[in-house]
Amino acid sequence: MSTPRGQTRPYAGRTAPMDPPPRDEMRGYEGRGLLEGKRALVTGGDSGIGRAVSAAFAKEGADVAVAYLDEHDDARHTAGLVEEAGRTCVLLPGDLGGEHHCEDVVLRTVEELGGLDVAVPHHATQTPVEDVADLTTEQLTRTFQVNVFSVF
């Protein structure tokens, strides 16, 4: 299994073990109200780039729903950043590889935020292998369920 450039651990799914730690809190970013009153859904918004997007959107004036798998500590940290910017954050845990959960995430976003203006489908899964021939049917099916089918 390969390790992404700059990291000492292969493909961390949680923020705590990432080395070096990501700069995902948008601490130096100042919003200009570009998304004032908008409602956003950010999938994979619990950490990394998704967290940065969630925090930046909040600083721009958007309320944010964050869909994530099961990284509850990371998601609560992201929610804190959104709320620190004075915006509402809705946390939506669960597996986006399932069609019904995808529908539920959108419906709950609309219900809890009063609508949906911006969708950022940033979630994904991967199964690193040395050779494409090593991929199993189950791994390939799971990858497409999460990364492709869920967006539709």
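Say whether the condition of being modelled with pLDDT under 95 and either touching a Phe, Trp or Tyr at 6+ places or on another chain (Cβ under 7 Å) or more than 27 Å from Glu130 (Cα to Cα) (or both) is met by at least one residue in the stretch 5-16.
Step one: filter the stretch 5-16 for residues modelled with pLDDT under 95, giving 5-16.
Subsequent filtering for residues that are either touching a Phe, Trp or Tyr at 6+ places or on another chain (Cβ under 7 Å) or more than 27 Å from Glu130 (Cα to Cα) (or both) retains none.
So far as the stretch 5-16 goes, no, none of its residues is modelled with pLDDT under 95 and either touching a Phe, Trp or Tyr at 6+ places or on another chain (Cβ under 7 Å) or more than 27 Å from Glu130 (Cα to Cα) (or both).
Please give the number of the condition Ala79 fails out of (1) under 20 Å from Gly28 (Cα atoms); (2) touching a residue at least 24 places away in the same chain (Cβ under 8 Å).
Checking Ala79 against (1) under 20 Å from Gly28 (Cα atoms); (2) touching a residue at least 24 places away in the same chain (Cβ under 8 Å), the one that fails is (2).
Which of (1) more than 25 Å from Cys89 (Cα to Cα); (2) in a helix (DSSP H, G or I) is the odd one out, the single condition Ser150 does not satisfy?
(1)
Each row is one residue, and each column tells you yes or no for (1) closer than 17 Å to Val66 by Cβ; (2) of a type in the set (D, E, K, R).
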{"position": "Leu96", "(1), (2)": "yes, no"}
{"position": "Glu99", "(1), (2)": "no, yes"}
{"position": "Asp104", "(1), (2)": "yes, yes"}
{"position": "Ala124", "(1), (2)": "yes, no"}
{"position": "Val129", "(1), (2)": "no, no"}
{"position": "Leu140", "(1), (2)": "no, no"}
{"position": "Gln145", "(1), (2)": "no, no"}
{"position": "Phe149", "(1), (2)": "no, no"}
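Yes or no, residue by residue, for (1) touching an Asp or Glu at 6+ places or on another chain (Cβ under 6 Å); (2) at pLDDT 95 or above; (3) of a type outside the set (A, V, I, L, M, F, W, C); (4) not in a helix (DSSP H, G or I):
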{"residue": "Pro22", "(1), (2), (3), (4)": "no, no, yes, yes"}
{"residue": "Tyr29", "(1), (2), (3), (4)": "no, no, yes, yes"}
{"residue": "Leu41", "(1), (2), (3), (4)": "no, yes, no, yes"}
{"residue": "Ser54", "(1), (2), (3), (4)": "no, yes, yes, no"}
{"residue": "Phe57", "(1), (2), (3), (4)": "no, yes, no, no"}
{"residue": "Ala75", "(1), (2), (3), (4)": "yes, yes, no, no"}
{"residue": "Gly80", "(1), (2), (3), (4)": "no, yes, yes, no"}
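Looking only at the stretch 107-141, which residues are within 14 Å of the chain's Cα centre (by Cα), within 21 Å of Lys38 (Cβ to Cβ) and among the aliphatic types (A, V, I, L, M)?
Within the stretch 107-141, Val118, Ala119, Val120 meet the criteria.
The values are calculated or read from the model by the stated rules, or taken from the named source; none is laboratory data. Everything quoted here is computed from the prediction, not taken from an experiment. For neighbour counting, all protein chains shown are included, and Cβ atoms are generated from backbone atoms with ideal geometry for every residue, glycine included.
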